[in-house]
1. Once label points are set 7 Å from the Cα along Cα→Cβ at both Gln140 and Glu104, what is their separation, rounded to one decimal in nm?
2. Could you sort out which of Lys132/Lys158; Lys10/Lys138; Lys10/Lys142; Lys50/Lys142; Lys125/Lys153; Lys123/Lys153 sit more than 21 Å apart by Cα distance in this structure?
3. In debye, nearest 20: dipole of the chain around its Cα centre with unit charges on the Cβ of K, R (+) and D, E (-)?
4. What FRET efficiency would be calculated for the residue pair Phe36, Asp127, taking the C-beta separation as r and a Förster radius of 30 Å, to the nearest 0.05?
5. At a 1.4 Å probe, what is the % contribution of carbon and sulfur to the accessible area of the chain?
6. What are the semi-axes of the equivalent ellipsoid of region 1-79, taken as the square roots of 5 times the eigenvalues of the Cα gyration tensor, listed largest first and rounded to whole Å?
7. Would you mind calculating the relative contact order of region 63-163 from Cα pairs under 8 angstrom and at least 6 residues apart, reporting the percent as a whole number?
8. Can you work out the FRET efficiency for the pair Ile55 and Lys153, with r the C-beta to C-beta distance and R0 = 35 Å, to the nearest 0.05?
Amino acid sequence: MHKLLKEVVKVYTQFQKLGPTYLDTFDNRAITEATFEAVKTKQLQEYIRKEFKPIGDVSMLPIHLEPEHRFTIAMFALRPGVRMPLHDHPNMFVLSHVMNGLGERESWDVDSIDHHQQIEFRKNKGDSRILKAIQHPKLQLKEGDNCYTTPNKCNLHKFSNIHESELFIFLDVILPHYNGVDRVINFYEPFSENQLELMGNPKTYQRHPIDVDDIREFIVQ
């Protein structure tokens, strides 16, 4: 975990200097390798497969929460058949590493002509809005796979558990994190071909945080 934190700090430092466009273009191989090393311990793998107990349809297990919303490392677990709602990561980078099960990622990008509507909605909320958007090909994900979200590529995404009986578990490295000011999460629904409806928080969606004390000995090393 120390190597991963070191790499995350490097990327965040460059983000502060160069701005969000850096997160679209930097070489992510080092942070990807560090993520793989952080989760491959035998003890952690055994914990995930045999001892981990989810709470609700979507469980969130915070591993590292950096002060001032600089970055977050967290595990997410989806029960069989569960789909996360489509949501965005404004000016953020997310590395998602699959730790267990089979999943699917759907991703979109809002057309630049409607970026102003996203910004206005974060400030004022109000009525839903219809935005032009581009959908990317769906990704089938298995244990050991990675996928990425950047400010201008696959910035809107949702994950689904497509296994009949196993949990779909993945580790997210998120930097910077939501801050409630200019990085506020928005939710979306497909409206028609190449269009999305921008809306508030879905009432049916809840993340259930889990106490991390029982997992620290495995991953915080």
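The values are calculated or read from the model by the stated rules, or taken from the named source; none is laboratory data. The structure presented is a predicted model; accordingly, all values stated were derived computationally and were not measured. Cβ: placed from backbone, ideal geometry, glycine included. Neighbour counts: every protein chain shown. Ligands, DNA and RNA are excluded from the accessible area calculation, which covers all protein heavy atoms including side chains. Shrake-Rupley method; radii C 1.70, N 1.55, O 1.52, S 1.80 Å.
1. Here the answer is 1.0 nm between the modelled labels.
2. Numbers: Lys132/Lys158 18 Å; Lys10/Lys138 30 Å; Lys10/Lys142 28 Å; Lys50/Lys142 18 Å; Lys125/Lys153 24 Å; Lys123/Lys153 23 Å.
Flagged as over cut-off: Lys10/Lys138; Lys10/Lys142; Lys125/Lys153; Lys123/Lys153.
3. Details: 27 positive and 31 negative charges, 47 e Å.
That gives the chain a dipole magnitude of about 220 debye.
4. Numbers: r = 44 Å, r/R0 = 1.45.
FRET efficiency, Phe36 to Asp127: 0.10.
5. Details: 5580 of 11240 Å².
Accessible surface attributable to carbon and sulfur in the chain totals 50 percent.
6. Working: eigenvalues 148, 47, 24 Å².
Over the Cα atoms of region 1-79, the ellipsoid semi-axes are 27, 15, 11 Å.
7. Details: 170 pairs, mean separation 46.3, N = 101.
RCO, region 63-163: 46 percent.
8. Values: r = 32 Å, r/R0 = 0.92.
So the FRET efficiency works out to roughly 0.60.
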